[in-house]
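For reference, the structure discussed in these notes is given below.
The values are calculated or read from the model by the stated rules, or taken from the named source; none is laboratory data. Predicted, not measured: the structure shown is a model, and the values here were computed from it. Counting neighbours? That spans all protein chains shown, and the Cβs are built from the backbone with ideal geometry, glycine included.
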Amino acid sequence: MTYQGEVAAAAELIENNGAAWNAIDAESVVRMQLQNRFRTGLDIARHTAAIMRRDMAAYDADPAAYTQSLGCWHGFIGQQKLISIKKHFGSTKGKYLYLSGWMVAALRSEFGPLPDQSMHEKTSVPALINELYTFLKQADARELGMMFRDLDRARETGNAVEAQRLSHAIENYETHVVPIIADIDAGFGNAEATYLLAKKMIEAGACALQIENQVSDEKQCGHQDGKVTVPHEDFLAKIRACRYAFLELGIDDGIIVARTDSLGAGLTKQIAFVREKGDLGDQYNSFLDCEPVTAETAKDGDVLIVRDGQTMRPKRLPSNLYQFREGTGADRCVLDCITSLQNGADLLWIETEKPHIEQIASMVDRIREVIPNAKLVYNNSPSFNWTLNFRQQVYDRWVEEGRDVAAYDRAKLMSVDYDQSELAAEADEKIRTFQKDASARAGIFHHLITLPTYHTAALSTDNLAREYFGDAGMLGYVAGVQRKEIREGIACVKHQNMSGSDIGDDHKEYFAGEAALKAGGAHNTMNQFAA
């Protein structure tokens, strides 16, 4: 229905309710409805799941159509990302948000800053999803409110062409509400706990849940040591729990991202149950680091398994954990990924220790031999030293090509002394094209940076503190922040508007008419930023 059609329908509803509704303005009703398009989190999950499914199909047709996101730890941060995306690119297409369990633990727990070990309150995860979407919906309300004001001005000045253009723009408005890929860690417990938390996250608006194959109570950050995986059947039960949660809530096309940490995980807490030779349990156990035993060499308390008719003793640590054989990580990753996709997952996440396209592609090629349309979500992690990694990759390739590298010390390539070098320039170009190249070569559908705003907040705060508390004084803020906001058109320079002051004024006028006491009058200092 057109904008004017919706106004007409609202007017008919008001008229049908008689004189008691005479003070209700039909166009104001429609404006408020448009500013609140998404009434529930399930509305959001349904809308954003459809976006992701379309984007996944587009990527299958053309790997250049990969998608991206940045991690957020507060609703305001997510809101500003989407406002910036619309400002700079004119559309939110292919741009999502990522909700990182690491940032929830480090920044949102009532216990204070915590490591990424699933010790934070699991309720803080759906709470952050809800907060992010509250801020994104407010961004819609703010932007639409400004369009409504422009429409009123066009009508008042008799500019029918501009009024028509604005009506059309309102009817075709692109929302700031985009998909959130939400980190459910290892499920915060057993499959039932995973299901209950998944429901809360979906009800808050999540259309994509990322779950990993680590043990819940031993969970570690993917870029730290000591990671412990679970047998496939345990992980698949949690994938099914997430699917049941989606289906119960009517999100038939919800997305499950199955993450494997096996590349860097050398430990397991359990020996898998085996029904028959060659099944998943047997394949999992085949990677265990074992030594043959006999009746004479077996000791009290040993756990023994039979492999190919021979009695074996898995190597067991004092922590009661069992270790895998060295060098089996890639094979375990491939098995994890194939198994997950065959049992209900939609996308894969392979956690790696460095950003190396051929390392990722070597595993994806093997996965795609079984599942041709396998696609990855990849963590472009701040835990990697991107500068050092890519300079070393260029250095190694130059050595292979027989080029002279005498001017470089591979162990010290991070040095500022190399920043203007030919090697550094080539490495930077490889970093610049990493996402495009990896999507074409290694099947990466979605690129994300988990913790960008953790680092940007620290960096910008350090810069401001150095200037403001130093010789620059107030100029440190004015030159380093406010003047840049004005010059670069950052909407937050009008912070009252951003916080919803003008939306509140509109509502006051709707509710009280001429008696409304509005904040946006001549004496509001935000008028100083009108230009």
key: Selection status of A258, touching a Ser or Thr at 6+ places or on another chain (Cβ under 8 Å) and closer than 27 Å to N130 by Cβ   = yes
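Quick one: count up the residues across region 96-139 that are touching a residue at least 24 places away in the same chain (Cβ under 8 Å), of a type outside the set (D, E) and under 18 Å from I180 (Cα atoms).
Counting residues in region 96-139 that are touching a residue at least 24 places away in the same chain (Cβ under 8 Å), of a type outside the set (D, E) and under 18 Å from I180 (Cα atoms) gives 26.
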inquiry  = Take the conditions under 26 Å from V394 (Cα atoms) and surrounded by 13 or more Cβ atoms within 10 Å (Cβ to Cβ) and apply them to T433. Does it pass?
reply    = no
remark   = By residue number, the members of region 359-412 that are touching a strand residue (DSSP E or B) at 6+ places or on another chain (Cβ under 9 Å) and surrounded by fewer than 14 Cβ atoms within 10 Å (Cβ to Cβ) are none
ask   = If we only count helices (runs of 4 or more DSSP H) wholly inside region 177-286, which ones have 2 or more residues that are of a type in the set (S, T, N, Q) and under 23 Å from G327 (Cβ atoms)?
value = 280-285
message = Tell me which helices (runs of 4 or more DSSP H) are completely within region 1-83 and hold 1 or more residues being closer than 30 Å to G101 by Cβ, or say none if there are none.
response = 41-61
task = Answer yes if at least one residue in region 193-214 is out of contact with any strand residue (DSSP E or B) (no Cβ under 9 Å at 6 or more places or on another chain) and farther than 30 Å from D252 by Cβ, and no otherwise.
result = no
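Just need a number here: residues in region 99-138 that are among the hydroxyl-bearing types (S, T, Y), surrounded by fewer than 19 Cβ atoms within 10 Å (Cβ to Cβ) and under 21 Å from Q214 (Cβ atoms). Steps first, please.
Restricting attention to region 99-138, the residues satisfying the condition of being among the hydroxyl-bearing types (S, T, Y) are 100, 109, 118, 123-124, 133-134.
Those left that are additionally surrounded by fewer than 19 Cβ atoms within 10 Å (Cβ to Cβ): 109, 123-124, 134.
Add one more test, that the residue is under 21 Å from Q214 (Cβ atoms), and what stays is 109, 123-124.
Of the residues in that region, 3 qualify.
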request  = For region 299-320, name all the residues that are among the charged types (D, E, K, R), under 16 Å from K269 (Cα atoms) and in a loop (DSSP other than H, G, I, E, B).
outcome  = D302, K315
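Please list, ordered by residue number, the helices (runs of 4 or more DSSP H) wholly in region 372-487 having 1 or more residues that are out of contact with any helix residue (DSSP H, G or I) (no Cβ under 6 Å at 6 or more places or on another chain), basic (K, R) and on the phi < 0 side of the Ramachandran plot.
386-400, 422-432, 434-442, 452-468, 483-487
Filter region 57-89 down to the residues that are over 16 Å from E174 (Cα atoms), surrounded by fewer than 19 Cβ atoms within 10 Å (Cβ to Cβ) and either at pLDDT below 95 or under 17 Å from the mean Cα position of the chain (by Cα) (or both) and list them by number.
From region 57-89, those over 16 Å from E174 (Cα atoms) are 57-78; that's our starting set.
Okay, now just the ones that are also surrounded by fewer than 19 Cβ atoms within 10 Å (Cβ to Cβ), so 57-58, 60-65, 68, 74, 76.
Hits for region 57-89 are Q68, H74, F76.
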inquiry  = With the requirement that a residue be without any contact (Cβ under 8 Å) to a residue 12 or more places away in the chain and among the polar types (S, T, N, Q), what does region 431-483 give you?
reply    = T433, T456, S460, T461, Q482
remark   = Scanning region 388-422 residue by residue, the ones that are under 22 Å from E358 (Cα atoms) and among the acidic types (D, E) total 3
